[in-house]
Every structure is written in structure tokens, then in C-alpha cells.
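The values are calculated or read from the model by the stated rules, or taken from the named source; none is laboratory data. Computed from a predicted structure; not experimentally measured. When we count neighbours, we look across all protein chains shown, and the Cβ atoms used for this are built from the backbone with ideal geometry, even at glycine. The protein model used for the area step is the full one, side chains on, heavy atoms only, and it has no ligands, DNA or RNA in it. Shrake-Rupley method; radii C 1.70, N 1.55, O 1.52, S 1.80 Å.
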Amino acid sequence: MTRFAEDRRARVPFALVGVLLLVGASTFGAAISTRGPDRVDRDADVAMERASAETTAALRSVVGEAARDAAAEPVTAPAETPYGRLLSDDRPFRDALRLRIYLAARERLSVTQYRRGDVTASASLPGATTPAELRRGMERIEIRGVENGTALRVTVRNVTVAAREDGRVVARERRDWTVTVSTPVLALHDRATAFETRLNRGPLEGPGLGRRLTARLYPIAWARGWGQYYGVPIANVVANRHVETSTNGAVFETQRAVFGRSDPAGRWAMQRAYRELGVREFAAGTPVDGSRVARVLPRPNPDTSASADLSLDRRGVEGPSPNRSIAVDVGSLSGRALVGLRSDTGRQNRSLGGVLRAAYRTETELRTTRVQTYDEPRPEPDSPGEEWLLQGSDVTTTAEAAPGVGPTPSVDPGERRLGGFARRVALERVVTWTWRRGNETLTTTGEWTERYHVGVTIVGTYAPNGTAPDRPTRPQFERGGPLDGPNLADVAEKAERRLVERQGGTEAVAVAVAEANLGVTDCVVYGDRPDELRTWTNADLATLRNRLSNVTTSVQAGDIATYTVNPPEQLATELRRHRTRLIDAPERYRGAAARARVGARVALLDATIRRLERRAASHNATRESFDRVLRGVGVGSSRRLHELLEQRQTPMPSRRATLPGSPPGGAVGVVPDGSPAYLTVASVSHDRAPGVPPSRSYHPLSAKNVNLFAVPYGDAADTVTNSGIDSTSGVRLRTAAQVLVASESMSNASVRAARRPLRESVSESVDLIRTRTRRVVRNETALTRSEARAAVAEGFARWEGPGRRALAAGNGSLAEAIAVAADVRASERDPERTDRLETALDAAVVDVRRTPAATVGEGLVQEALTQVRDRAVDRAVSTAKDRLNRSRVAKRLGTIPAGLPVAPVPGYWYTTVNVWEVQVRGAYARFTLRTKRGAPVSTPGASIRYVRDGSTVRLDGDGDGRPERLGRDERVSFRTRTVVAVAVPPYRSGVGDVDGDADERSGTWPRPSCTSWDREACRDME
């Protein structure tokens, strides 16, 4: 084994080691000689790195401060100034925020630096003093919200970072900075914008104030409308006090939907408003002095220097609703159809007599045969000689008929042989020829004989042309049937009389058949009807009439109120659907009487359907005019009105504690704070709304509501359709009578003077009804003239004065009273006769009320109405403590009719509707959103505040110390409208505002009063 010392492999020469040592020493010496520049580079790198870190921190601080400043003075409308034009019209808030970030970042970076040894590093943005330079500076700033707007991500482009030593730049770089700051400024602005947008939405434009206002007004209007109908002393169904309270409730619901919660002060104010409204509503109908009770309660916007612990849950009182089903029946319409059927004044085949007669109709035919049994040839003319010329010929026949035996014409299936005979007929014919020769005349004759066998059959075919369903009828042409009447047994005799006897008898007919010149061969014969047929049929029709009158269709009250259903059309459809069951025709008629009875049922059913169809057409015509009225006030149509009605079911928004978000943002709890918290039509001052300057008052809300059919004269139906009464100046008798009755409780001299001519005119119309009812009693009963007059007089005597008698005529009670009085005077009491008479009287009264002669002059009604209202108002305001008197006045006003009768035919309609158009406009003096997220952590309890108060926003853009005008932070304002329709049952006083204030305006309509910390913003209102 070789030892290491002796092994010479892999050994390095000593000279090579020396060279390596020499090179290493030289390198080390050079490194030591250049040590100063290396130090400078390391200081610059550290300074640049530390400056970048401090720039990031500075930008985060700048963004947070700029966001808070932008929220405190949000620009929503750019100014028409060079600096205002830096902001775009569609996103001024974001542009203003970018400008604030740029100016603050430039200023903060100018004093932010880091020093390392002799090296100083800092970041910078280029200076800008002109609008053009500022625009270029704004272009460096990019902002966007992240995490649902709860954080703000800002990118600052082209930031220069430079390191200097003794004024010399030793390092420089440009870079973009992006920072994300937990500040919900964009979320606050976007939510405030969304809130204002929702406040300005109409009911059909989406969720918002219009839809929620509709949902709140409908139950109020329906409850008060039905209360007025049932006698509660309500003169103004929808008042602006209801609009005010409903608007505020809808605003707070909109706040909850947008921000997750509503204004805490507003909730307290809303509770106070409910209490005050409740006191007013209670005091309006009771002898309690509402003015005294109201003083016990604080105003909705409390004094900010005081505090109160009041709690009142908002609970809706469930009352009449548009969802309420109304059963519309045929009612008295079938009775009037029966009266028309019995009157025999219409088309023959539509009268009861015509219907009964049609059931006894038979088509008869004289069916004949002729067989020649002997035939001699007719002789030819024989000239008496040459030169005689034939001038003409004349044939005379001598006929002889004798009884014979032989066949007669047969009868087809379905026909009945009513009679017949056979005859042998001999025709002796003589022809006379006349000849002429010059002035001479000569006649010659010839004879021949023809013999025939003639057969005659009288055929009858039962051919009723009524409307009864086609069914077999047995027996026929023989006595019997349900009444054991003639049952067409007399048809054979009548047919023979008309077809045979009227043509000379059997021999004459036989000769005519033989000679082929028979004249009449067919005719229609109506059989005799039993005496009991009409009474029997009337009783059956009375039963059917009752069944028809009880046929109903169920419709929702809201659909009727908006004219989106046509109940008469539905009723007609319902009758057609049950036609077979109502007619109840048997499989086989037991004679013509049974068929006549069923035909009468069909006639009554068809007459009722025709009347319903006319009502349906009238309903559609009224709806078209109703639509014109709605278009006139900007609502559109009944279809749009119904869409508005559907919005009343808008659900209540749920409360959310925070707006969602996650890091770097986070959940944000936003608290809205309005000033005033409760928007009232009355003025508010600084002590109740801190947002209002101390020296000025403010009207935050204006309201207008118009009752479209408040006219209680001329009938709203005539006002809408201009039909039904020929004279446009005529007022329906029922309406005039209601005004007359309402005026009777007023003892003022002016009211008595106006009532006197109205009473005379109503009395004249009532006299027309009296005359007509006397005639009906005479025609429908066996009473004498004096007895009929006495019965009518007794019926009228049940009511005192022409006004109440006219109302009794309108609601059908007068017809009933007269019918009962007539039945008492009859020899025998007959409930069916009384019922028929009542129906006839009711139809007659309706006919009279339709005539122009029964109307009352509009001027008379208007004058009386004006005096009643004036007197009522005088009484209401004469003394504040006499609440009992004021309650009575309201009750009297409630008797004045109002509303639009649906299917406006005198004496028949199924509901009365009215419509209110409501408009609201409002503006907060100051509206604030508060949240703790984004507030400086160095200040405990601080919050970021987004404030909209209508003030001018200024910012020093050029650095001269004087701020330039950027724009304005517009107040949160709104305007919206809705329409409410109410339907109540017919008759009574209907529904509507009857206090003479159909167009009610509150506040400073058409827009709220203006107040601002800057008086210049309101110069157009001063």
C-alpha cells in the first residue's frame, strides 16, 4: 500500500498557488477602494421602500377622509361653473369623490417622506390649479365599491416615487397604487339614491312609495266609505289627514326596504300621528271635543328638547276590503221582464199572449186527388159554309157533384187527418163558336161531357213556432192535457171552415178540384186555449221569476270598483249555462198546454237575458266614459286602475339590522335620520326639525286628493255618460229627493227659501208617479176607479212629504205598499195577484222615472244643496265646544248622495263606486344616513354621516384658499300619485265626499315650501 506522503498524484505546483494568492489580494484591494457608492445605493433602496409603505398608509388615510367629506357634502347636482363641469351629470357624487381623493392625496403626499442617511424619498402627484389640470389629475383616480359597497377600492395611477441625496435624484420610479379602505360611502350614496328613486316611483313602476301608499290608503278608504254608507257621520271619505299619515307610513316602510330599518324618531312620530288621527276620527263622530283631546297629545314631530315614552303598535283594523265578495243577483230584473212579457205591447212572438198562442199553432192543408172516369173528345168547329170566318169561341160548364165512394189522399207520418170526402163530379161543357161573313154573324155549338172522381183530405200538422224545446207532444187534436182543455180538438172544425166552407162547401171544392182551379189549399189554424191557461202559466212564471231573481254571480268588490268585471254579462252567461235546468222541459209534453207553459218559461228566460245584455252594453258604455274621466286626470284607464288596486297587497318589508358585506368591508348598520322625521302638511320650525334654520319655517309635505264623482246631483252616471236623461240640466228624482230630505233638518231661512221650489218640483214628479200607478191598478185588477184611487192614496200615505215618497218609489217599497192596499180592497185575497201587481207597479214607476218630465231642475237642486252645505259648515264652526251639534251636521251631510252607480239604470244597479286621485309631494329639510363603519378609530363613538340638506358644496381646487362651487347636495324629495276606488252596495247615500271639498289641497301645493341653510337656494320661493 502506497503512503500518502509518498503518493504524488493530484498534487498542485507551488507556483500556481502563488499566482492565486496574488490575484486574490488585488481583488480585495479594489473592493475596499470602492466602498462609498455601495452605501448610497443601499440607503436609496431602503428609503424608496419605506416611502412606498408610508405612501400606502397616507393614501388609505386620504381615502377615508375624502369619503367622509364626500358623504358629509354629497354632490348630486353639478354647478354650472368651470369646476362644477369637472363632474359628470350622471355620476357627480363619484366624480366629486375622485376629485377630493386627488386633491387630498396630492397634499398629503407632498408632506410625506422618509430619510435614510443623506437620502430622502417621497411620493408625489403633479400639481394642478386649473380645471384642465384637475381633470387630468382626476383621470389618475379610479374608484369602485367592493363587498356590496361596504369598502372602497381606489387606484392612483402614475405616482412618482423619487429618492434624493443633496438635491440630486439617485432613484426614481412610477407606479400605480391600489388601496382598499373599509368605508361604505358608495353604499350610503347608492342607498340614498335608491331610496329617493323608490320615493318617486308610481304604484305600477315597481316597489316604492306609490305602491305602499296605495296599500295603506285602500283599507282607510274602504273602511270610511262603508262607514259612510251605513250611516257613520263621515262627510269626507278620503281626507288629506289620511293621506299625510299614510304617506309617512309608506315612507318609513320604504326606508326599511332600502336601509334595513326606519328612522327611530320617525317611528315615534308615527305612533303619535296615529294617536292624533284616532282622536280626530273619534271626535268627528262623537260629542267629544276633539280640539281639547288633541292638545293632550304631542305633535308627530316632538320638540327635540323634550323626550317622551309613548308606544302604540301599528295595527290595521280589518274592515270592508276590495277582496270582499259581492253577490250580484238578477233581482227585480226578471220581474220587469215578466211585466213586459205580460203587457203584450212588444213583438207578438215575445208577448205572453203570443207565446201561448204559438203553442196551439197547426198548419193545415187541403190535399186533393182527381181521377177522370169519362172523357168525350172536344168537338172541332164546323164551318157553316164557305166564306165564313171563325171569330172566337166560348165554353160554358155545368157542374154536378154527387157523393161518391173512392180513395182520398193519404196522410204522412206526423200528420193528422182532420177530415175528408169523395165526390163524383160531372162537367157538361158547351162550346159556342162565332162566325162572320161580311156584315153577317152566325153561331154554332158543340157539346161534350167529362166525369171525375175527386178525393179531398184535410191534413193537419202540429207546428208550434214558439221557443219551447222540441219534444213530442201527446195527445194532440183531442181533448185532454194538464188542464183537460180543447188541446187542438177544435182545429179540424176551424180548418174545414176556412178551407172548405169559405170556398163554397164540399161540392164547390170538389168541382174546383175537378176543374183544377182550387183557390186556397193551406192555412194556419190556432186552436182554442183553455180559460185557465193564462192563470196557470202566470203562476208557473211567478215561480220561475223567483228562481231567476235568485240567480247570482259572485264578484270581488274591488273588481266592480275598477270596472274590470261586467256582472250583467256574467249573469247572462250564468242563465245560459243553467238554461236547461231553469226551463225544465219534460221528455214529452202532455198536450199543447204543457208546451205553452214551457214556451212561456223560455220567453221569460230569454227576456231576462236580453235585459241583462242591455245592462251589460250599458255597463261597457259607462266603462268607456269612466275611462275618459280617468284619462282626464292622468290615471289612464279602468285597467290601470285595477292594476293599482292589485298593488294594495304589497307585503311589509322585513327589518334588517345591517347591510350585508364581508372583509375588507363588512356588515354595515345604517340608521336613517330625517329632519323632520315625520313629514307633515303643516309647517315645522327649528325646534321640531333641527334641519330647518332657526329663523324659518318649513312645509315638508304637500298633498292633493280629488274625488272624481263627488257631484251629488245630475247623477254621476249622467255626468259620465251623458245618457239616460234627455236633458243635461235634469237631475234624477231620487237624487233631488235625497237633497230635499237632507234639507228638512235645517231651519235657516235661506235653506227654507231654497227648499220651497225644490219641494214643489219633486212633488210634481211624484204626482206623475201617482197618476201612472192608478192606471196600472185599474188595468191589473178588477177594482173600480174609486177603489184604485183609494188604494194608491193609501200606499202613498205611508210616507210623509214628497221627498220620502220619491225615495220610496225609487227603492220599490211604494209599489209594495200600493199592491197590498189594492189586494185588501179585492173581493178575495190573492198573494199571487198581489205579487204580479207589485211587479207591474215597480216597472211602471221605473218607466216614469226614466222620462225627462220626472226629473228635477239642476239649478233647484244645486241651490238647495249649497244652502244645506253652507248652513252645515256654519253650524260646525260656530262653536268649538258644541261637538254634539257638529256630529249631527256631519250626519246630515252624510245623507247627501254621491258616487257613480254601476249599470246606472233607474231603479236597478248593483253597486255604487267612487274614485279618489291622490298626489303627494315632499322633501326632507335634511336627510342623514349614519353608520359607525368607516369612522375614525381614533375617535370613540364617531360615525360617518351622509347628509342631504340642499346646501351648496364648495371645494378649494386651485389652492388659493377660497373654495370654488362644485354643485349642490339636493334634498331628498319626491312626488308620486295613486288612485283609490271604493265600491259600496246600491241605494242609501252611496259613497263620496259630500262636504263640498272634492278637490282638497294641503300644505303649499303644488310643491313643498323651501327652506335651506343657504337662502339663495330658495330665492324662487320667496
Notebook entry, point to check: For the range 199-251, max minus min Cα coordinate along each principal axis, in Å, sorted largest first?
Noted result: 37, 18, 12
Check: Can you put ASP43, ASP382, ASP687 in order of accessible area, largest first, using a 1.4 Å probe?
Finding: ASP382, ASP687, ASP43
Margin query: Need one value: the accessible area of SER325 in square angstrom, 1.4 angstrom probe, rounded to the nearest 10.
Written below: 80
Notebook entry, point to check: Whole-Hz Karplus ³J(HN,Hα) for the range 175-181, in order, using 6.51 cos²θ - 1.76 cosθ + 1.60 and θ = phi - 60°, x for Gly and Pro?
Noted result: 8, 9, 10, 10, 10, 10, 10
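Ordering THR445, THR911 from largest to smallest accessible area (1.4 angstrom probe), what's the sequence? Please list the in-between numbers first.
Numbers: THR445 95, THR911 0 Å².
Result, largest first: THR445, THR911.
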Margin query: Test of the criteria: in the range 340-433, which GluC sites (Glu not before Pro) are in a DSSP loop and have at most 11 other Cβ atoms within 10 angstrom of their Cβ?
Written below: GLU386, GLU387
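Can you tally the net charge around ARG774? Count Lys and Arg as +1, Asp and Glu as -1, for every other residue whose Cβ sits under 14 Å from the Cβ of ARG774. Numbers along the way, then the final one.
Working: positive: ARG770, ARG772, ARG775, ARG778, ARG785, ARG789, ARG825; negative: ASP767, GLU780, GLU787, GLU794.
Charge balance in the 14 Å sphere: +3.
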Check: Ignoring any ligand, DNA or RNA, what whole percent of the accessible area of the range 214-283 comes from carbon and sulfur when the probe is 1.4 angstrom?
Finding: 61
Margin query: Amide H of VAL330 versus every other amide H placed in the peptide plane: which residues, excluding those fewer than 5 positions away on the same chain, fall under 5 Å?
Written below: VAL551
Note to self: How long are the semi-axes of the equivalent ellipsoid of the range 541-602, defined as square roots of 5 times the Cα gyration tensor eigenvalues? Whole Å, largest first.
What the structure shows: 33, 10, 8
Notebook entry, point to check: Over the range 425-498, what is the relative contact order in whole percent, taking alpha-carbon pairs under 8 Å and six or more residues apart?
Noted result: 21
Notebook entry, point to check: How much accessible surface does TRP916 have with a 1.4 Å probe, in Å² rounded to 10?
Noted result: 0
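For the range 387-499, state the semi-axes of the equivalent ellipsoid (square roots of 5 times the eigenvalues of the alpha-carbon gyration tensor), sorted largest first and rounded to whole angstrom. Mind dumping the intermediate values first?
Values: eigenvalues 550, 52, 25 Å².
Equivalent ellipsoid semi-axes, largest first: 52, 16, 11 Å.
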Check: Cα gyration tensor of the range 764-857, axes a ≥ b ≥ c as square roots of the eigenvalues: rounded (a/c below 1.5), prolate (a/b > b/c) or oblate?
Finding: prolate
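Ranked highest first by the average count of other Cβ atoms within 10 Å around their residues, in what order do 434-441, 120-127, 777-784 fall? Present the calculation step by step, with values, prior to reporting the outcome.
Details: 434-441: 11.9, 120-127: 19.4, 777-784: 17.5.
Listed from highest to lowest mean packing, they are 120-127, 777-784, 434-441.
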Margin query: Once ligands and nucleic acids are excluded and a 1.4 Å probe is used, how much of GLU276 is accessible, expressed in Å² to the nearest 10?
Written below: 20
Next item on the list: Would you rank ARG631, ARG576 by solvent-accessible area, highest first, keeping every protein chain in place and using a 1.4 Å probe?
Entry: ARG631, ARG576
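What ratio of Cα Rg to 2.2 N^0.38 Å holds for the range 66-171? Provide the component values of the computation, followed by the final result.
Values: Rg = 16.3 Å, N = 106, 2.2 N^0.38 = 12.9 Å.
Taking N as the residue count of the range 66-171, the ratio is 1.26.
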Margin query: Checking the a/c ratio against 1.5 first, then a/b against b/c, what shape does the Cα gyration tensor give for the range 562-651?
Written below: oblate
Item checked: Neighbour-limited loop hits for GluC sites (Glu not before Pro), the range 171-227 (at most 16 other Cβ within 10 Å; DSSP other than H, G, I, E, B) -> GLU205
Checklist line | Cut-off under 5 Å, modelled amide H: who pairs with THR76 long-range | finding: ARG968, ASP969, GLU970
Notebook entry, point to check: Taking amide H positions as placed 1.01 Å from N in the peptide plane, with prolines and chain starts having none, which residues 5 or more places from PHE709, or on another chain, fall under 5 Å of its amide H?
Noted result: VAL915
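Report the Rg/Rh value for the range 142-256, based on alpha-carbon coordinates and the Kirkwood definition of Rh. Walk me through the numbers before you get to the answer.
Values: Rg = 27.9 Å, Rh = 19.0 Å.
Looking at the range 142-256, the ratio lands at 1.47.
Percent of accessible area on the range 37-117 owned by carbon and sulfur, 1.4 Å probe? Mind showing how you got there, number by number?
Numbers: 1640 of 3780 Å².
Accessible surface attributable to carbon and sulfur in the range 37-117 totals 43 percent.
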